[in-house]
Amino acid sequence: TVPYQNYAGDTDTNFGTVLTGLNSTITTPGSGLSSNSPQKYVFFVADGVNDRVLGSTACSEKTTTSSDPKTGTAYQRCQEPLDVAYCTTLKKRGVKVAVLYTTYLPLPTNGWYNDYIKPFTGKISTNMQACASSGLYFEVSPTQGISEAMTALFQKAVQQARLTK
């Protein structure tokens, strides 16, 4: 959770940490042919823009410094498209990744958007689609179609699932 606006300099979206954590938490996926061998799915819903503290992993885009207004702590901020390698790691293990991409809307009159997001907008949806397992990708506007797309993704996952005795 984010307790207040600009918490941690707005560096609250670290896909690498989340997907790496999921990868280590999800046990080995199976074929789905028996209850002892269940298939595993990750439902990933995001706008496709990583916004993290610059750490040991380099940033693929231009960075800036952002501060937390309550603590005064400064953070080197990395905003970049999703690194597909995290999804590839999951998929290579046999985990199916369902992606619901909530379109990152352009803000052409916003200086921050123009300086830090616009340069890589062409990679956002491409990387989100590359993250998804075959047939498990939907793109929707942030205000319409989310519920329907989630239902459709779930239905596709259910169709791929196998029920056994």
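Odds and ends about this structure:
- Yes/no for Glu80 being among the acidic types (Asp, Glu), closer than 30 Å to Phe138 by Cβ and surrounded by 20 or more Cβ atoms within 10 Å (Cβ to Cβ): yes
- For the stretch 30-57, residues that are in a loop (DSSP other than H, G, I, E, B) and among the charged types (D, E, K, R) total 2.
- Only residues that are within 16 Å of Val49 (Cβ to Cβ) and in contact with a Lys or Arg (Cβ under 8 Å, 6 or more places away or on another chain) were counted in the stretch 109-134, giving 3.
- Restricting the stretch 48-69 to residues that are out of contact with any Lys or Arg (no Cβ under 7 Å at 6 or more places or on another chain) and among the polar types (S, T, N, Q), the residue that is nearest to Ala157 (Cα to Cα): Asn50
- Selected residue (criterion: most open to solvent (accessible area, probe 1.4 Å)) from residues of the stretch 106-148 that are out of contact with any Gly (no Cβ under 7 Å at 6 or more places or on another chain) and of a type in the set (Val, Ile, Thr): Thr109
- Restricting the first member to the stretch 1-29 and to residues that are part of a loop (DSSP other than H, G, I, E, B), and the second to residues that are at pLDDT 95 or above and of a type in the set (A, V, I, L, M, F, W, C), the beta-carbon pairs closer than 7 Å and six or more apart or on different chains are Ile26/Val95; Pro29/Val95.
- Candidate set from the stretch 55-69 (those that are hydroxyl-bearing (Ser, Thr, Tyr) and under 18 Å from Asp115 (Cβ atoms)); member that is surrounded by the most Cβ atoms within 10 Å (Cβ to Cβ): Ser66
- Counted as qualifying within the stretch 58-165 are the helices (runs of 4 or more DSSP H) with 1 or more residues that are more than 30 Å from Ser37 (Cα to Cα) and touching a residue at least 24 places away in the same chain (Cβ under 8 Å), namely 121-131, 146-160.
Yes/no matrix, rows are residues, columns are (1) crowded, with 16+ Cβ neighbours inside 10 Å; (2) over 30 Å from Ala152 (Cα atoms); (3) at pLDDT below 90:
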residue: Thr27; (1), (2), (3): no, no, no
residue: Ser34; (1), (2), (3): no, no, yes
residue: Thr71; (1), (2), (3): no, yes, no
residue: Gln76; (1), (2), (3): no, yes, no
residue: Ala85; (1), (2), (3): no, no, no
residue: Tyr104; (1), (2), (3): yes, no, no
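- With respect to being farther than 26 Å from Asn6 by Cβ, surrounded by fewer than 16 Cβ atoms within 10 Å (Cβ to Cβ), of a type in the set (A, V, I, L, M, F, W, C) and under 18 Å from the mean Cα position of the chain (by Cα), Phe154 fits the description.
- Complete set of residues in the stretch 1-25 that are surrounded by 10 or more Cβ atoms within 10 Å (Cβ to Cβ) and farther than 23 Å from Thr63 by Cβ: Gly21, Leu22, Asn23
- Selection within the stretch 32-67 - of a type in the set (D, E, K, R), more than 14 Å from Gly16 (Cα to Cα) and in contact with a Ser or Thr (Cβ under 9 Å, 6 or more places away or on another chain): Lys40, Asp47
The values are calculated or read from the model by the stated rules, or taken from the named source; none is laboratory data. This one's a predicted model, so the numbers in the text were calculated from it and none came from an experiment. Cβ coordinates were reconstructed from backbone atoms using ideal geometry, including for glycine residues, and neighbour counts include every protein chain displayed. SASA here: full protein model, heavy atoms, side chains in, ligands and nucleic acids out. Shrake-Rupley method; radii C 1.70, N 1.55, O 1.52, S 1.80 Å.
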